[in-house]
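These notes concern the structure reproduced below.
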Amino acid sequence: MTALAVPHHRMLIGGERIDSKRRMTIIDPSDETVVATVAQGDAAHVDAAVAAAKAAFERGGWSRATPRDRAAVMRRIAAAAHHASDALIELEMACNGATIRLATGFHIGYALAHFSYFADLAESYAWHRPASVETFPVLSQSVVHREPIGVVGAITPWNFPLLLTIWKIGPALAAGNSVVVKPDEHTPLSILEFARIAEDSGLPPGVLNVVPGDGADAGARLASHPDVGKIAFTGSTAVGREIMRLASGTVKQVTLELGGKGPSIVLDDADLDLATDGVLYGCFAYSGQICESGTRALVPAALHDEFVDRLVERAKTIVAGPTRDWDTDLGPVIDAAQRTRILGYIEEARNAGATVVLGGQAITGGMFDKGFWVAPTILRGVTNDMTVAREEVFGPVLVVIPYDGDEAAIAIANDSDYGLAASIWTSDNARGLALAERIQAGSVWINDAHQINCRLPFGGYKQSGIGRELGPDALDAYTEVKTIHLDLAGGRETKPYDVLLGNSDAIGIPRS
Ligand code: NAD
């Protein structure tokens, strides 16, 4: 029996499929099978993609199209992508190990819904905001225009490859920009397919370019390229700092969506059945590889032991298994290096005095001998100063921290370098709202977790990022603002030109 050939994918530059001498191998994290090879772009490919994007922008077929026409093309893209959603789901699962439930609902379901939202936003956005007639300093009428920036660079991570790319290309395209995407090394397939669908649906060549490649090579070039006007990045805080540094050379606009260490605050009046499931869902969904996961459970000291028992009993029902099986709850982590890193955090926490009450090791045996599996892990005896409570583990690791009183809960929740998201579990809405106002995080969910709505802004406080994605103002971050002043006074005599061209008598300046 001959082995099936592994498909090879080329990058997309200026509407052309471009190959490269170097290839990246894409591995399914659930069983280590080779899924595909992909042309590996480098700095020269990024230069070519930026040139193609700039040329497309200057031709104006997209950048000067009416918002209505752009919306129509984007709706065609959304419809075609919806038609191809089974293929997109498979591409995401194969690259990043998401379970079929997660990939269907979140990875692709959200991605396509959010793209449609941006198509609608292209039409409803206030491109021209007329200002009132002004009488000071002179009679005039102004209008404030929003215009595309030019070439936008998008650098994206592996956990939600298409969704997090759409959070960038959705508003960028709606605004008329051209885009160069540098996807993560693990997960370039779904955006390559989406870009093909986009061009087949009428997006002009060169408007959307995709250059897979290394972060330090292709990514760094994109972040520093002089013809890129804006860089949008999702990924780790460490790389986010580097992106800012690289972008500063040409003073680019920057949007950063970075890491998190979210608190899940269980109040003493919480519905404990709901809180137990909600805290587990908030931490263990997608094996904890969601930036806004609630990875620190803050629990009243009086409820601590009971709540830990509840968490452990319920978490024991989480079933790891084949990612394409609808009965599977939990998939693998992204790669061997990440598994080692996660297990290292658990070991370090043990050494610091924490107790593992569930999991604490890799899942092995049978099908789990292939792929990168980590058991859902719960740690008690954790204090907020321990490394496992301060750093983003990005794995299925939940720490439980006891507190005494709401003030202490707020202090622990806010004692973090991060500020992406938090949840509060309470049966008292007013109490929940009052606490939410004091939490330093871009999203606070009361009696829920992982609630991201494309109509509402999403992003982080502190070292979780800069700017917001999604929501009605998302296009602000992908546009330049221009104020156009139209003189209504008429005539030379109304002008202050005598400041330069008159004599001081004429403008009443006393002579010394
Ligand atoms: P990462 O920072 O290692 O990589 C993200 C992207 O940056 C990849 O495309 C990578 O190739 C590129 N990159 C790496 N080094 C670069 C460099 N020097 N210059 C330019 N680009 C470079 O992150 P990851 O491991 O892929 O993703 C996990 C992280 O992303 C976690 O910390 C997580 O919290 C964060 N994340 C945040 C959000 C959010 O919305 N805030 C969403 C998802 C993930």
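The values are calculated or read from the model by the stated rules, or taken from the named source; none is laboratory data. Not measured: the values here are computed from a predicted model. As a convention, Cβ positions derive from the backbone with ideal geometry for all residues, glycine included, and neighbour counts pool all protein chains shown.
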Filtering segment 329-359 down to residues that are under 20 Å from HIS304 (Cα atoms) and in contact with a helix residue (DSSP H, G or I) (Cβ under 6 Å, 6 or more places away or on another chain) yields ALA349, VAL357, LEU358
Give the residues of segment 318-343 that are within 22 Å of the chain's Cα centre (by Cα) and among the polar types (S, T, N, Q), sorted by residue number. GLN338
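Just a yes or no: is a residue in segment 272-287 away from the ligand (no atom under 16 Å from the Cβ) and farther than 24 Å from GLY105 by Cβ? Break it down stepwise before answering.
Narrowing segment 272-287 to residues away from the ligand (no atom under 16 Å from the Cβ): 272-281.
Those left that are additionally farther than 24 Å from GLY105 by Cβ: 272.
Yes, there is a match, as at least one residue in segment 272-287 is away from the ligand (no atom under 16 Å from the Cβ) and farther than 24 Å from GLY105 by Cβ.
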Check whether at least one residue in segment 387-401 is exposed (fewer than 14 other Cβ atoms within 10 Å of the Cβ), more than 16 Å from the ligand (Cβ to nearest atom) and within 27 Å of ASP269 (Cβ to Cβ), and report yes or no. no
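Can you tell me which residue within segment 288-324, out of those that are assigned to a loop (DSSP other than H, G, I, E, B) and more than 13 Å from the ligand (Cβ to nearest atom), is surrounded by the most Cβ atoms within 10 Å (Cβ to Cβ)?
Let us first name the residues in segment 288-324 that are assigned to a loop (DSSP other than H, G, I, E, B), namely 289-293, 316-319, 321-324.
With more than 13 Å from the ligand (Cβ to nearest atom) added as a condition, the list becomes 316-319, 321-324.
Details: LYS316: 11, THR317: 8, ILE318: 16, VAL319: 10, GLY321: 17, PRO322: 15, THR323: 24, ARG324: 15.
Applying the filter and picking the extreme gives THR323.
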Quick check: anything in segment 451-474 over 30 Å from TYR110 (Cα atoms), without any contact (Cβ under 8 Å) to a residue 24 or more places away in the chain and charged (D, E, K, R)? no
Filter result for the condition that a residue is at pLDDT below 95, more than 30 Å from TRP127 (Cα to Cα) and hydroxyl-bearing (Ser, Thr, Tyr), over THR2, THR25: THR2
Give the number of residues within segment 102-130 that are in contact with an Asp or Glu (Cβ under 7 Å, 6 or more places away or on another chain) and not aliphatic (A, V, I, L, M). 1
Within segment 439-492, count every residue that is within 20 Å of TYR281 (Cβ to Cβ), within 13 Å of the ligand (Cβ to nearest atom) and of a type in the set (Val, Ile, Thr). 1
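Within the group THR66, THR37, which residue is more than 30 Å from ALA362 (Cβ to Cβ) and β-branched (Val, Ile, Thr)? Before the answer, list the steps.
On the way: THR37 fails: more than 30 Å from ALA362 (Cβ to Cβ).
Only one candidate qualifies: THR66.
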Of the conditions (1) of a type outside the set (Asp, Glu); (2) within 13 Å of the ligand (Cβ to nearest atom); (3) more than 18 Å from the chain's Cα centre (by Cα), PRO263 fails just one. Which one is it? (2)
Consider only pairs whose beta carbons are under 6 Å apart and that are at least six residues apart or on different chains; among these, list those whose first residue lies in segment 112-132 and is at pLDDT below 95 and whose second residue is hydrophobic (A, V, I, L, M, F, W, C) and surrounded by fewer than 16 Cβ atoms within 10 Å (Cβ to Cβ). HIS128/VAL143; ARG129/VAL144; PRO130/VAL143
Which residues, taken from segment 240-260, are near the ligand (Cβ under 9 Å from one of its atoms) and within 18 Å of ASP476 (Cβ to Cβ)? LEU256, GLU257
Please find, among ASN384, ASN429, the residue that is of a type in the set (S, T, N, Q) and in contact (Cβ under 8 Å) with a residue 40 or more places away in the chain. ASN384
ARG341 is checked against (1) of a type outside the set (A, V, I, L, M); (2) closer than 13 Å to LEU398 by Cα; (3) within 16 Å of the ligand (Cβ to nearest atom) and fails just one. What number does that condition carry? (2)
Given the criteria over 17 Å from the mean Cα position of the chain (by Cα) and not charged (D, E, K, R), does TYR286 qualify? no
